[in-house]
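Readers should treat all values here as calculations from the given coordinates under stated rules, not as data from a laboratory. No experiment lies behind these values; they were computed from the predicted model shown. A quick note on method: Cβ atoms are made from the backbone with ideal geometry, for glycine too, and the neighbour counts reach across all protein chains shown.
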Amino acid sequence: MPFHVLLEGMGTGPQIPAHLTRISISLITTSTDLTNKVVKGKVVQKGPLVSLAPDNFILKTVIQEEDSELNASSQNLSINVVLFGELAKNFSQGVNQEDMVVAAGFTMSKSPTVRKDNLHPFNLLLSGDDACIYVFRPKPPPDDRSLLANKRSSTLSAEVSRKTKVPKYTYVRLGDLTAGSVFNVYGVVVFFKQPFKSRGTDSCSILKITDQSNQNITCSIFCEKLEDHPKIFQIGDIVRMHRVKAQFFKDSISLVNTFGFSVVTFDGTVGGAVEPRTSSRSFHFNQEDRQIVEELRSWASSQALFPTVSAAIHLSAVQPKSYFDLNCQLLAKAPIDSTCILLRVWDGTRCPHTLLKVNVEPNVTEGPSSFSKEKENIIANVFVYDNHLDCARKLKLGSFLRIYNLRANPGHSSVPGLTSSQSVDHLAFHLHGGTSYGRGIQVLPEDSLDVQELKRVLEAFPHDDMNEPFDLNDSALLEVWSTPPELLDGKAVKSSTERGDSPDMPLMTLSELKQCELSRVHHVRAQLRSYEPRRLHQALKLYCSKCTSMQEIPDEELVAGIFSEASSDYEPCNAPPWALLSAFLTDSPGSPDRALTLLLPRQLMSEVKTKGLIFLMGTTLEETYRLAASYQNIVPVRSSGREITLLDLSAPFLFRGRKRHYGCKRCSETVLRDPSAEGVKVIDEKVVAEVLGVQLLQCVLLMKLELQDATDTLEVFLWTHAESFFGVSAEDAAANQEAQNSIRQTMESLCPPGGSMDQHPWLDLFLTAYQTKDDVGQNQTCYQICQTTLIKPPPQNRTPTPPEPPPPPSPGSEITSAG
DNA sequence: GATTAGGCTTTG
């Protein structure tokens with residue numbers, strides 16, 4: 001188990017093995033022997049958990065060594081730690097900022113961000129079975145002694161509890177409650193009300209729960225903080241509450257939370273994952289709890305306690321005048337008046353009834369003020385009233401919501417702030433004031449099934465380039481970029497731009513731009529002060545248009561490892577009927593004999609070198625590269641059992657000349673099939689990907705530039721328009737030296753190394769602005785270069801750059817580097 | 001170790 005919670009001052013429980021010795025972070029160098037070494041430090045920064053593929057995560061954190069007796073110097077006491085896989089997930093869930101941790105089983109790599117973050121020149125990498133994190137926790141209060149467990153990790157808590165004495169919680173059936181006493185209970189939610197502000201100091205949630213004793217018990221939960229309330233999303237959810245007091249009210253027993261109260265919620269779906277939802281920093285959960293949840297689920301499903309059909313429906317199923325729950329994504333919002341906010345949402349389905357259009361001033365709209373026509377047609381306008389305003393204001397654009405007890409209202413007469421007259425059968429949606437019927441809004445967690453389903457549907461909708469240049473969510477983008485720490489926890493907010501429709505877009509200074517509203521294209525003239533990454537290969541990323549994830553190009557070593565592992569695992573296997581198998585032994589010097597196998601699709605054999613494709617098994621990465629010079633398409637394969645399969649998708653699935661093509665691990669379902677399908681004239685990467693069930697990753701360029709004019713400096717991204725900016729495709733840049741040289745020369749001409757700013761040419765650029773928000777609601781504005789094409793001067797015209805800006809260029813296609 | 005509310009039969 002790579003992740004342990006240690007309880008301070010306790011002699012029992014997991015311990016750091018005695019053979020491990022601690023070294024100071026400051027002493028880590030390439031020549032340090034890392035065998036059996038650990039480092040200890042306090043978590044001073046914790047980045048978000050970034051999902052690279054299902055069950056493959058990455059997380060970056062910074063730890064700082066605190067005690068000075070170990071330090072040889074006070075230099076380099078803080079170090080970036082990158083965690084992979086399950087460990088990253090456990091860390092994300094179980095470790096908080098300020099926690100003291102010990103890392104073991106790490107490897108090192110050079111820190112690419114050392115110049116920027118001034119941290120240790122190396123990063124610690126924690127991946128694989130040897131990697132391990134120990135977390136120190138203060139001794140728990142007597143009441144919860146030994147009950148610490150890691151959030152959401154039942155196996156972990158089981159591990160911890162086996163080794164420590166656990167005074168068990170006992171749970172009482174709802175039929176056995178007696179007034180005046182405090183109990184721990186489990187129950188199935190049959191009714192709930194979102195938390196609302198009470199007249200006292202707290203918010204109040206009302207829920208009604210039941211269990212096998214068939215009692216319906218009303219619970220009033222008072223908590224000051226919203227996050228401490230039960231995280232109930234729907235009827236049928238299961239709650240576990242500790243320390244609730246039973247009391248009589250109106251001839252029946254009800255429950256109220258009391259001191260030390262805690263609550264954990266589970267989805268009620270039979271057979272679903274038992275994932276605890278809670279804000280508790282520590283709680284305990286073991287096999288017995290899992291069993292209780294599963295018993296309650298199956299009991300509830302046999303009882304017809306509530307309609308099996310969820311109250312949540314898609315917009316496509318909405319009936320006028322009905323009440324329903326809606327799972328949706330928030331695209332924009334605008335205040336209407338002091339009692340009403342407009343939320344613009346979609347769920348990717350088309351309502352059969354025409355949706356009401358609402359005209360709102362663009363300058364009061366948060367998010368894009370308009371979308372493409374097609375998208376507008378499926379966006380629902382939701383008017384949110386009164387007590388729900390507080391919650392609505394806090395919602396972040398892009399978040400996934402469940403809106404409870406929404407009313408589909410025909411006509412516009414009841415809609416405030418409208419001037420346009422619209423036909424009465426246009427539907428508007430209202431979340432009325434009050435909390436009856438569970439009315440309210442919940443933000444759905446990203447990992448919920450509802451959100452996963454929503455994302456699937458929304459991704460199928462054609463992307464709206466005009467308004468959403470960033471298909472990728474910003475937090476993933478920022479993470480790929482090793483962004484400054486202040487942005488690391490930034491949550492994604494929908495981005496927006498509009499094409500500037502004025503042919504004479506006014507030029508503005510950078511400082512004016514910073515004051516300016518979003519949702520516009522801006523025209524600036526500036527010099528390039530610096531850029532990142534300095535090494536071009538680091539600017540190349542792989543982007544999946546399906547799941548919109550962005551990832552690094554796997555490094556050579558990793559890929560070579562996959563090849564060598566695959567070739568050493570060779571077993572004799574059967575050729576599929578559509579291919580000829582041809583195997584021979586290779587005895588390249590210095591390596592043991594290996595079987596090298598060619599698999600030739602029969603139909604393509606005659607032209608295998610010209611337009612064909614071969615499957616290759618048993619070669620090293622280097623051999624594959626060499627062979628790729630002679631064959632049009634090479635798909636590396638391996639034996640698995642007696643079958644032939646593709647390699648792990650961390651490796652390229654296809655070599656085409658000097659180009660390598662990668663597939664998305666998350667979105668591909670690979671299968672080995674005959675590529676020589678009838679009617680295919682040219683076999684290219686798209687055809688091969690399609691046949692093999694691979695979701696092709698697109699090679700993209702991503703750079704960060706620092707601009708400067710007389711008034712200010714500004715950091716901007718160059719991404720979606722990078723290829724047209726350089727006039728070079730990212731794919732070419734990945735495969736061909738000439739293309740790389742061209743980009744490098746361009747960057748050097750815009751930002752001459754070692755030159756003074758006088759030698760940096762002035763650039764006319766169009767920029768789009770978009771916004772991210774951090775957890776405390778602070779706005780972060782980001783910029784991207786758009787619609788700007790670099791026009792290179794003819795080579796004979798290599799004169800020094802004029803210090804004065806060039807004359808204004810024609811719009812749309814922009815100039816300019818005179819250097 | 002007080003207080004809050006104690007579902008609902010909808011409405012802009």
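One table, with the values for the structure above:
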quantity	calculated
Inter-label distance for A:Y323 and A:N736, nm, one decimal - labels placed 7 Å from Cα along Cα-to-Cβ	6.5 nm
Pairwise FRET efficiency - A:S338 versus A:L558, Cβ, R0 = 56 Å, nearest 0.05	0.45
Two-site label geometry, A:F136 and A:Q745: point separation in nm, points 7 Å out along Cα→Cβ	5.8 nm
Cα pair distances in the range A:315-460, grouped into 10 Å bins until the bin that holds the longest one, percent each	12, 45, 38, 5, 0
Amide proton proximity set for A:A312, modelled H, under 5 Å, gap of 5+	A:D325
The range A:181-302, relative contact order [Cα under 8 Å, separation at least 6], %	25 percent
Burial order of peptide ranges A:199-210, A:643-654 (average beta-carbon count within 10 Å, highest first)	A:643-654, A:199-210
Sites A:E295 and A:A179 - FRET efficiency at Förster radius 22 Å, r taken between beta-carbons, to 0.05	0.25
Amide hydrogen neighbours beyond the local backbone of A:L654, cut-off 5 Å, H modeled	A:H661
Net lengthening on full extension, A:D55/A:K110 (0.36 nm per residue, minus Cα-Cα)	17.2 nm
Mean Cβ neighbour count within 10 Å, used as a protection proxy, ranking A:550-562, A:20-32 highest first	A:550-562, A:20-32
Inter-label distance, nm, simple model (7 Å from Cα along the C-beta direction), A:E565/A:F259	5.5 nm
Efficiency of FRET from Cβ geometry, A:K455 and A:T218, R₀ 41 Å, rounded to 0.05	0.70
Amide H within-cut-off set for A:L596, under 5 Å, with H built and near neighbours excluded	A:F584, A:L585, A:T586
